[in-house]
Structure formats: C-alpha cells, structure tokens
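J.: Would you mind keeping the following structure in view while I ask a few things?
The values are calculated or read from the model by the stated rules, or taken from the named source; none is laboratory data. Quantities reported herein were computed from a predicted structural model and do not represent experimental measurements. Virtual Cβ from ideal backbone geometry, glycine too; neighbours counted across all protein chains shown. Just the protein is used for accessible areas: all its heavy atoms, side chains included, with ligands, DNA and RNA removed. Shrake-Rupley method; radii C 1.70, N 1.55, O 1.52, S 1.80 Å.
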Amino acid sequence: RFKEIRLNAAIDVVHKHAMGSCEGRLLADPQGIRYETTNKEDAFTLAFAEVESFEVDYLKKNLRLKRRGGKTWNFTTKAENADPLFVFHRDVDKVRLRVTGASPKK
C-alpha cells in the first residue's frame with residue numbers, strides 16, 4: 001500500500017553571511033526546503049534531491065545546508081539554545097532520507 005509522506009515544518013532563522021546576516025524563515029514540505037526572506041538575493045528553494053548535506057551542530061547553534069555541487073548556507077536561531085534547529089532538522093531529515101532513499105549519517 002502507498003504510504004503518504006507528510007511534512008509541514010517551519011522555523012524562524014538568522015542566515016549567517018560572511019559579513020553580517022539576514023532574517024527569514026526556513027520551510028519544508030515533502031518536495032524540499034525553501035528559505036523566505038525580504039532579502040530576495042538570499043531566498044532559495046531546493047528539492048531534496050539537490051541537497052548534498054543537511055546537518056545541525058547543536059553546540060555551535062548552527063544548521064548547515066549545502067546544495068549538491070554548489071552553495072552552502074548556515075543558519076542560527078534567536079532562541080536561547082539550538083532546540084528549534086534540532087527539531088526542524090530531525091523532522092525534515094527523516095522525510096528527506098525517505099524521499100531520496102539516502103542512508104542516514106553515522
């Protein structure tokens with residue numbers, strides 16, 4: 001029987017630039033991840049198949065997303081700890097791995 005995949009995750013984030021930062025929102029659904037911000041040059045949409053790596057570093061309070069063969073984005077949160085980043089990553093990565101058939105990192 002066909003299993004429906006559900007994902008509707010969102011988190012307010014700070015996108016860290018080499019110099020400075022901007023604020024926006026990361027959203028994810030079964031098709032992929034997108035970053036919405038008023039800084040249009042930083043906004044993006046990635047299908048899960050385009051994602052080379054998607055990792056959270058709890059201690060550094062950093063969520064790292066890399067496009068296959070391309071750009072890398074680093075995000076943080078204004079929350080006191082990295083819990084929101086961790087939960088977003090956990091929920092999104094579970095679906096991403098299922099959709100792409102990739103195996104989890106050990």
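J.: Keeping to the stretch 1-36, report how many residues are over 14 Å from the mean Cα position of the chain (by Cα) and open to solvent by less than 90 Å² (accessible area, probe 1.4 Å).
T.: Summing the residues that are over 14 Å from the mean Cα position of the chain (by Cα) and open to solvent by less than 90 Å² (accessible area, probe 1.4 Å) in the stretch 1-36 gives 5.
J.: Considering only residues that are out of contact with any Asp or Glu (no Cβ under 9 Å at 6 or more places or on another chain) and charged (D, E, K, R), look in the stretch 94-106 and name the one that is surrounded by the fewest Cβ atoms within 10 Å (Cβ to Cβ).
T.: In this case the residue turns out to be K106.
J.: Let me ask another. For the stretch 46-80, enumerate the residues that are in contact (Cβ under 8 Å) with a residue 40 or more places away in the chain, buried (at least 16 other Cβ atoms within 10 Å of the Cβ) and part of a loop (DSSP other than H, G, I, E, B).
T.: T77
J.: Restricting attention to the stretch 81-93, report how many residues are closer than 23 Å to A49 by Cβ, open to solvent by less than 90 Å² (accessible area, probe 1.4 Å) and without any contact (Cβ under 8 Å) to a residue 40 or more places away in the chain.
T.: 2
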